[in-house]
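A.B. asks: Encoded as structure tokens, here's the structure I'll be asking about.
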């Protein structure tokens, strides 16, 4: 007889704990998925074993027994240890962490394997000779690769410096030592390019793909291939960090600075933190690669927590692209009201004449950013979320980019009845229209969340561009990340101010990263290429440092400002959102929560509880939202987390309430 403590598959704070059962199966182990009778219901519930005991520490009245065990699913001890850590790290429920490790979908009824790669053909490639810089980096990693030693490396390499080749050769070392690897990319749209390279090097039989765009059946089959030890490498976006590999030897995060590595759904985990935790438990290496490392990663590297390896030259020794800043205020004064400055127009024309390709980057989708009445100032807003809706000309609709609600463009102002209701601002759809008007002979395509929504559409757009079928590619941040096309001679940043003006302390960092990454798509062949940055704030340090490819200057300026105002990496930020259908209920509950937190943290060093205030997006999907922000100085994160958990238990769990509380630690969005 064995006794087990299990976590019940029930998404409720009131059942977020361990429940004790007996087991007549002596082989039961930590991580097993079982079925149990729970509470008064007769229906069996899924549960996961977190502890196995030979004896009970004290008698359990009315002890129940496990009904059956799932023969296919067992998370394993490392996954359970990571789930425990995630609960304390991100203040999530046990079951929310467990669900990250469990397979989506179900087995095929006909036993047919569902291959996510389809009939794709991949050409075999050999390892390339390393440059002197790459070899130096490899030599620094060599002592830990496949040796059961945990260490985190930051590969700080300029765009096109050969970081991917380093990843593949490091992974090859680990596989030779009998271990496995996880390769993470920030966007699902980038997985195809990475998959092609890796399968060409390691073979399809050794590689699995895990990401949310696969069908549920494909995800289940790939998960089982990984769990059964049939593959050596898992490639995917954020969720692939939970791949059920055994004997992990290395986890790689390409473009580690990207905000998409932070989950925006519960549990709100940081992929890099999870990767490092799993690597610690496996005795594995972690490679964090970027041309523009996040300030937090760079700060840890420069304080000896991570090991920084630098690649300052492009692989083919081609110089970094020439960058020119265009002051759009002067363009306006000169009478140019076009989306494109005179210089950008001239450069596009010249690039097309040379039979080279152009990428135009604007991190805002849609045709215009808002619709407004010129008579009374009325702005079309989402009735559920309260934010301005974006006009999409292709669909002749105003769309909320948060909840997806749509409505037709009004012919008359709903407020004053005026007929002067027009759309303002610029999105990628409007840029595409302007390109087709000004350069009718050029083949243009757009890559953003709207055009990439259909399965396979992003791959087709990128393949057409790679094959030279497309002359001009217009896109959001999807075109600024990790794409490698030799024929790009010009990159135009249509508006550097879009990301600079978001209400977030990371706005300068995000702007520097986006401009630098977008610029890095130019000149990856033998021609160094050209970059044009259009902006109304040409003197901002994020813009000027990006134009000079000067990460060090940006880092020194930004880290000084962060230290002065005590923002990450010098503290941890806790964001608490209290939401309810009635605004008065949300405001009242948030007030009580903030008051209790101030009381619980009164003895802490420099306690800082800000708010509550209406959240920047005060209403989403019919719920009013109030925000509390807390700064936890270095060394006080656990105390702040304990205070939040105590407050949550007292005000939101013990008391029956329709008011919801969500917690996000170090969020990447404060909207």
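The values are calculated or read from the model by the stated rules, or taken from the named source; none is laboratory data. Predicted, not measured: the structure shown is a model, and the values here were computed from it. Ideal geometry is used to build each Cβ from the backbone, glycine not excepted, and the neighbour counts take in all protein chains shown.
A.B. asks: With respect to residue 229, is the statement that it is at positive phi and either in contact (Cβ under 8 Å) with a residue 12 or more places away in the chain or touching a strand residue (DSSP E or B) at 6+ places or on another chain (Cβ under 6 Å) (or both) true?
C.D. replies: yes
A.B. asks: Out of (1) crowded, with 16+ Cβ neighbours inside 10 Å; (2) touching a helix residue (DSSP H, G or I) at 6+ places or on another chain (Cβ under 6 Å), the odd one out for residue 13 is which?
C.D. replies: Condition (1) is where residue 13 drops out.
A.B. asks: Kindly indicate which of 358, 371 is touching a strand residue (DSSP E or B) at 6+ places or on another chain (Cβ under 6 Å), outside the structural domain of residue 580 (by TED's automatic domain parsing) and modelled with pLDDT under 80.
C.D. replies: 371
A.B. asks: Against the definition (touching a helix residue (DSSP H, G or I) at 6+ places or on another chain (Cβ under 8 Å) and surrounded by fewer than 19 Cβ atoms within 10 Å (Cβ to Cβ)), how does residue 212 come out, yes or no?
C.D. replies: Taking the combined requirement at face value, the residue satisfies it.
A.B. asks: Output the number of residues of region 648-665 satisfying the condition of being assigned to a strand (DSSP E or B) and surrounded by fewer than 17 Cβ atoms within 10 Å (Cβ to Cβ).
C.D. replies: Qualifying residue count, region 648-665: 2.
A.B. asks: Taking the options 546, 522, 542, 518, name whichever one is at pLDDT below 90 and more than 21 Å from the chain's Cα centre (by Cα).
C.D. replies: Just a single option satisfies the conditions, and that option is 522.
A.B. asks: Related question: Looking at (1) surrounded by 17 or more Cβ atoms within 10 Å (Cβ to Cβ); (2) part of a helix (DSSP H, G or I), find the lone condition where residue 629 falls short.
C.D. replies: Of the numbered conditions (1) surrounded by 17 or more Cβ atoms within 10 Å (Cβ to Cβ); (2) part of a helix (DSSP H, G or I), the odd one out for residue 629 is (2).
A.B. asks: Being farther than 21 Å from residue 352 by Cβ and without any contact (Cβ under 8 Å) to a residue 60 or more places away in the chain is the filter here, so list the residues in region 448-488 that pass it.
C.D. replies: Within region 448-488, 451, 453, 454, 456, 457, 460 meet the criteria.
A.B. asks: So which residues in region 500-528 are more than 29 Å from residue 333 (Cα to Cα) and not in a helix (DSSP H, G or I), if there are any at all?
C.D. replies: Residues satisfying the conditions are 504, 505, 506, 520, 521, 522, 523, 524, 525, 526, 527, 528.
A.B. asks: If I ask for residues that are buried (at least 19 other Cβ atoms within 10 Å of the Cβ) and part of a helix (DSSP H, G or I), which ones from region 278-294 would you list?
C.D. replies: 278, 279, 282, listed by residue number.
A.B. asks: Starting from region 54-70, keep only residues that are assigned by TED's automatic domain parsing to the domain that holds residue 42 and within 18 Å of residue 37 (Cβ to Cβ), then list their pairs with residues that are at pLDDT 90 or above and loosely packed, with under 10 Cβ neighbours inside 10 Å whose Cβ atoms are within a distance under 8 Å, requiring at least 6 positions of separation or different chains.
C.D. replies: 65/24; 66/24
A.B. asks: Residue under question is residue 279, and the condition is that it be more than 24 Å from residue 158 (Cα to Cα), touching a residue at least 60 places away in the same chain (Cβ under 8 Å) and not assigned by TED's automatic domain parsing to the domain that holds residue 518; does it hold?
C.D. replies: yes
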